[in-house]
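A quick write-up on the structure given underneath.
The values are calculated or read from the model by the stated rules, or taken from the named source; none is laboratory data. Since the structure is predicted, the reported quantities are computational estimates derived from the model, not experimental observations. Cβ atoms come from the backbone with ideal geometry, glycine included; neighbour counts cover every protein chain shown.
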């Protein structure tokens, strides 16, 4: 395994953005091409949070290890005396399995370099929440517990299939507004992720075209996919990037909706007759089999989720994994805290800290925290 180790840097040498956060030392480097960063608080006492980041558009910058705002985001953990170690992963886009491998490699490096922590928690946002679940399902002996935040906690195929179905039905009802699935999965066409900077202009154009076509139908369509109308254009923009990324990584189309019967729309017959239909050209296991979700956890997990999430609705972030955990007979290790947040991972630092404290107290005392609302 190729790797190199960054020097420990004192607080006086790092940027002003970092200087406003409780970071005493930073270790950075690379493991097999995946850059990493490890933050140490002034009062570090041998405790560790392994952190997994969420989905990044291909080519997005800055990466996790280069983002000066990262330390501020990790403040709830640093303030409690925990070091935080995070990998960029070897590649961007859909990287849940790679995120698991790269996070485990970084944990091993941490133990080899600094010794085994007396306490280790796994934490992740969004796709990183999926990494968190996968770590606990497959490497749970290395952790005391986990905190997935608005996680991709359903089986990854099901989450990504939702994006595919949204496009298939949208293109049937609102043709010509967004890219067709046929074009998205056409590997003969050169692929380039849309820059995030283009999101506002593109979403504005999509919304204008939708409302001009049929505003009433647009509202109903958004509701069918657990969205507010204002968030539908953004979700379509985001989903196109995800689907294009999946097409490239799978080297084809892993989804097949030729037998799908769509429902939940004002006119289901119309939707099913007009929906864009594609056959799968590759086996979905190419992308989704490794570290597929099982629900087989053996350490305490506190899931925190917003009541509204335009990217991972509660059904995909909470309900599906709850059922899997229950089927495994592991309910004693699972509890959910929800907030009134209106958006993906829209938590306050105080809410994150409260959820983390609930997890730590659970591990310390053995008393499972009550599920429910977190103010």
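The table that follows gives values for the structure above.
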| quantity | calculated |
| --- | --- |
| Residue count for segment 267-291, restricted to those that are surrounded by 15 or more Cβ atoms within 10 Å (Cβ to Cβ) and touching a residue at least 40 places away in the same chain (Cβ under 8 Å) | 12 |
| Boolean, residue 256 is modelled with pLDDT of 95 or more and exposed (fewer than 15 other Cβ atoms within 10 Å of the Cβ) | no |
| Hey, residue 119 touching a residue at least 24 places away in the same chain (Cβ under 8 Å), over 15 Å from the mean Cα position of the chain (by Cα) and either farther than 30 Å from residue 59 by Cα or crowded, with 23+ Cβ neighbours inside 10 Å (or both) or not | yes |
| Helices (runs of 4 or more DSSP H) contained entirely in segment 281-375, each with at least 2 residues that are modelled with pLDDT under 95 and in contact with a strand residue (DSSP E or B) (Cβ under 9 Å, 6 or more places away or on another chain) | none |
| Filtered residues of segment 67-78 (kept if surrounded by fewer than 23 Cβ atoms within 10 Å (Cβ to Cβ) and either within 17 Å of residue 135 (Cβ to Cβ) or free of Cβ contacts under 8 Å to residues at least 12 places away in the same chain (or both)) | 67, 73 |
| Residue match in segment 137-156 (condition: in contact with a helix residue (DSSP H, G or I) (Cβ under 9 Å, 6 or more places away or on another chain), on the phi < 0 side of the Ramachandran plot, assigned to a helix (DSSP H, G or I) and crowded, with 22+ Cβ neighbours inside 10 Å) | yes |
| Only listed residue being surrounded by fewer than 17 Cβ atoms within 10 Å (Cβ to Cβ), over 15 Å from residue 240 (Cβ atoms) and at pLDDT below 95, chosen from 201, 188 | 188 |
| Failed item, numbered, when residue 148 is tested on (1) farther than 17 Å from residue 235 by Cβ; (2) assigned by TED's automatic domain parsing to the domain that holds residue 252 | (2) |
| Residue under evaluation residue 244, criteria (1) crowded, with 17+ Cβ neighbours inside 10 Å; (2) under 26 Å from residue 135 (Cβ atoms); (3) touching a residue at least 60 places away in the same chain (Cβ under 8 Å), criterion not met | (2) |
| Wholly enclosed helices (runs of 4 or more DSSP H) of segment 166-275 bearing at least 3 residues more than 26 Å from the chain's Cα centre (by Cα) and either under 18 Å from residue 93 (Cβ atoms) or outside the structural domain of residue 316 (by TED's automatic domain parsing) (or both) | 199-224, 268-274 |
| Hits in segment 299-319 (condition: out of contact with any helix residue (DSSP H, G or I) (no Cβ under 7 Å at 6 or more places or on another chain) and farther than 12 Å from residue 150 by Cβ) | 315, 319 |
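Table: residues versus (1) out of contact with any helix residue (DSSP H, G or I) (no Cβ under 9 Å at 6 or more places or on another chain); (2) at pLDDT 95 or above; (3) in a helix (DSSP H, G or I).
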residue: 85; (1), (2), (3): no, yes, no
residue: 89; (1), (2), (3): no, yes, no
residue: 97; (1), (2), (3): no, yes, yes
residue: 101; (1), (2), (3): yes, yes, yes
residue: 107; (1), (2), (3): no, yes, yes
residue: 112; (1), (2), (3): yes, yes, yes
residue: 120; (1), (2), (3): no, yes, no
